[in-house]
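Colleague: Sharing a structure, written as structure tokens. Questions coming.
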Amino acid sequence: MNMNERIADWNRRAQECDCGHEHRAVDIQVVMEHGAIRKVPDYLSRKSYHHVTVVYDANTGPIAAFGVVRSLRAAGNRVDEICLRPAAAGDVIADEAAIVQLLLGVQQGSQAIIAIGSGTIHDVVRIVCAKMNKSFLSIPTAASVDGFTSAGAPLIVNGVKQTFQAVPPEIIFADIDVFASAPQEMTAAGFGDMLGKFTSLADWEVSRDLGGEPFCPVAYRMTKEALDACIDQVDAIAEGSQEGVTALMDALIMSGISMLIIDHSRPASGGEHHVSHRWEMELMELGRKPILHGAKVGVACALLTGKYKELVRTTNERAFQVYHSLPEQEQLSAWLGQVGGPTTTEELGISPEMVERAFATAHTLRDRYTGLKYMNEVLCSK
Ligand SMILES: [Zn+2]
Ligand SMILES: [Zn+2]
């Protein structure tokens, strides 16, 4: 089955699911193949889009966006270009400045906005598409994160990261020739974001069993299969081969869609993401250069696994037995190292104090019952 058939199949299973969740019928089209970006002009003409805006940054312009702009103009489209400006620390961030740059730059007559780049560029485009009621088209340039398909946009507003309701893309042109040529550091980050599903899925079971939180077996299965496929392909991903990076991108897209189906991040974001968000906010306060999302998540997942293994040794609570099934912390670190990502907080440039603070406070970020919350609120008060 190709990706669109698999998405249709998951949709069907979700519609039949009686877990109590609302299940959204996801209608994102995925074009994942060599030369996928050459299909953009045809798609625009099918949709009768004649005037579009292409958004990129200094990195993704030369590797993909300039070619797309040329081909769209050659096909007779009116194309406005917006190159997002980097923040003081050197990279584009999804903050007020980037959002305003895009809001002011998009012409009234533009029918669609095409994001060409990383997760950050996608988040800026998805919120502006939601606010201006424009169609959102996605061209990811690296298999670096599972958020391309997201309906929510994590944005930094007044120095605080918050997720705003926005829109998912209507189509993703995932061009193997483009994203498989991304720096291995980006691929390793995408792998780290996937590895985080070990703890997010386990935490989801704990949220269900101890917190009585909603649980959807279809979304769980979908994320688990994506994670298993990644682990099967770890050698190919480590080589950075087209086959490996394509398998990773496939998994990231499926993980993203599992969150869309239930309109919640539960399957793909647990304690490891809460810790990662804490680090991100503290780095921002210090004015430090941001670290790739998946790089932080991967390391946080390994550390959290160590703590969860400890937890199951010291408590008889049945809900925590699920943590027994996690791979060992050393195995998680070894996989991260194999794909070429950071394996320790030291390598990430995160101090022991920051690690301690994040683990002590991360559970307060989201109203979710995780093992992390239990360790901080129940064990510490004993
Ligand atoms: Zn993530
Ligand atoms: Zn369900």
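The values are calculated or read from the model by the stated rules, or taken from the named source; none is laboratory data. Since this is a predicted model, take the numbers as computed values, not measurements. Note: ideal-geometry Cβ built from the backbone for every residue, glycine included; neighbour counts use all protein chains shown. Surface areas here come from the heavy atoms of the whole protein model, side chains and all, with no ligands, DNA or RNA. Shrake-Rupley method; radii C 1.70, N 1.55, O 1.52, S 1.80 Å.
Colleague: Using only the heavy atoms of the protein chains and a 1.4 Å probe, how would 31, 52 rank by accessible area, largest first? Intermediate results must be reported in sequence, preceding the final value.
Modeller: Details: 31 20, 52 0 Å².
From most exposed to least exposed: 31, 52.
Colleague: Could I ask something else about it? Please list, in chain and number order, the residues 5+ apart from residue 78 or on another chain whose amide H is under 5 Å from its amide H, with Hs placed from the backbone.
Modeller: Here the answer is 51, 52, since their amide H atoms fall under 5 Å of that of residue 78.
Colleague: Next question. Run down the aspartates and glutamates and flag those whose C-alpha is under 12 Å from the C-alpha of residue 39, throwing out any fewer than 8 positions away in its chain.
Modeller: 175
Colleague: Further question on the same structure: How much accessible area does residue 288 have with a 1.4 Å probe, in Å² rounded to the nearest 10?
Modeller: 100
Colleague: Report, in degrees rounded to the nearest 10, the 0 to 90 angle that the Cα long axis of helix 329-338 makes with the longest principal axis of the chain.
Modeller: Roughly 30 degrees between the two axes.
Colleague: Of the heavy-atom accessible surface of the range 87-196 (probe 1.4 angstrom), what whole percent is carbon and sulfur?
Modeller: Details: 1850 of 3450 Å².
After summing per-atom areas, the C and S share lands at 54 percent.
Colleague: OK, next. Rounded to the nearest 10 Å², what accessible area does residue 357 show when all protein chains are kept and the probe is 1.4 Å?
Modeller: Here the accessible area works out near 120 Å².
Colleague: Ok, one more. Taking the Cα centre of each part, how many Å lie between the range 144-192 and the range 306-382?
Modeller: Going from one Cα centre to the other spans 24 Å.
Colleague: How do the peptides 179-187, 88-96, 252-260 rank, highest first, by the average count of neighbouring beta carbon atoms within 10 Å per residue?
Modeller: On the way: 179-187: 19.8, 88-96: 16.4, 252-260: 26.0.
The peptides rank, most packed first, as 252-260, 179-187, 88-96.
Colleague: What pairs in 224/309; 134/197; 224/296 have C-alpha atoms more than 25 Å from each other? Walk me through the numbers before you get to the answer.
Modeller: Values: 224/309 20 Å; 134/197 32 Å; 224/296 20 Å.
Result: 134/197 exceed 25 Å.
Colleague: Could you tell me what a quarter of the Cα convex hull surface of the range 34-179 works out to, in nm² with one decimal place? Mind dumping the intermediate values first?
Modeller: Numbers: hull surface 31.4 nm².
Orientation-averaged projected area of the Cα hull: 7.9 nm².
Colleague: Considering only protein heavy atoms, with the full assembly of protein chains and a 1.4 angstrom probe, order 83, 216 by accessible area, largest first. Don't skip to the answer; put the middle values down first.
Modeller: Numbers: 83 60, 216 0 Å².
Order by accessible area, largest first: 83, 216.
Colleague: Once the Cα atoms of helix 96-105 and of the chain are each reduced to a long axis, what angle between those two axes, in degrees from 0 to 90 to the nearest 10, is obtained?
Modeller: Roughly 20 degrees, rounded to the nearest 10.
Colleague: Averaged over every viewing direction, what's the projected area of the C-alpha convex hull for the chain? Give it in nm², one decimal, please. Write down the numbers at each step before the final one.
Modeller: On the way: hull surface 71.5 nm².
Average of the hull's projected areas for the chain equals 17.9 nm².
Colleague: Using the Cα centre of the range 34-179 as origin and beta-carbon charges of +1 (Lys, Arg) and -1 (Asp, Glu), tell me which of 75, 157, 37 is placed farthest towards the positive end of the dipole.
Modeller: Final value for the positive-end residue is 75.
Colleague: Now, a different point. Compute the helix-to-body angle for 293-314: its Cα long axis versus the longest principal axis of the chain, expressed 0 to 90° and rounded to tens.
Modeller: Between the helix axis and the principal axis of the chain, the angle is about 20 degrees.
Colleague: Excluding ligands and nucleic acids, what accessible area in Å² is computed for residue 228 using a 1.4 Å probe, to the nearest 10?
Modeller: 60
Colleague: Which whole-number percent gives the relative contact order of the range 34-179, counting Cα pairs below 8 Å spaced six or more residues apart? Spell out each step's value before the answer.
Modeller: Working: 288 pairs, mean separation 36.6, N = 146.
This gives 25 percent for the range 34-179.
Colleague: Taking K and R as +1 and D and E as -1, what net charge do the other residues with C-beta under 14 Å from the C-beta of residue 20 add up to?
Modeller: Numbers: positive: 208, 266; negative: 16, 18, 22, 213, 263.
Local charge sum for residue 20: -3.
Colleague: Taking only protein heavy atoms into account and a 1.4 Å probe, give the accessible area per residue of the chain in Å². Present the calculation step by step, with values, prior to reporting the outcome.
Modeller: Numbers: 15740 Å² over 382 residues.
The answer is 41 Å² per residue.
Colleague: Let me ask something additional. Helix-only estimate, please: 222 nm mean residue ellipticity of the chain, summing -39500 (n - 2.57) across DSSP H runs of length 4 or more and dividing by its residues, to the nearest 500.
Modeller: Numbers: 17 runs with 193 residues, N = 382.
Result for the chain: -15500 deg cm²/dmol, rounded to the nearest 500.
Colleague: Heavy atoms only, probe 1.4 Å: what % of the accessible area of the range 13-65 goes to carbon and sulfur, would you let me know?
Modeller: Carbon plus sulfur share of accessible area: 43 percent.
Colleague: With a 1.4 Å probe and all protein chains kept in place, how do 39, 224, 296, 373 rank by accessible area, largest first? Display every interim value, and only then the final one.
Modeller: Numbers: 39 100, 224 60, 296 5, 373 30 Å².
The ordering from most to least exposed comes out as 39, 224, 373, 296.
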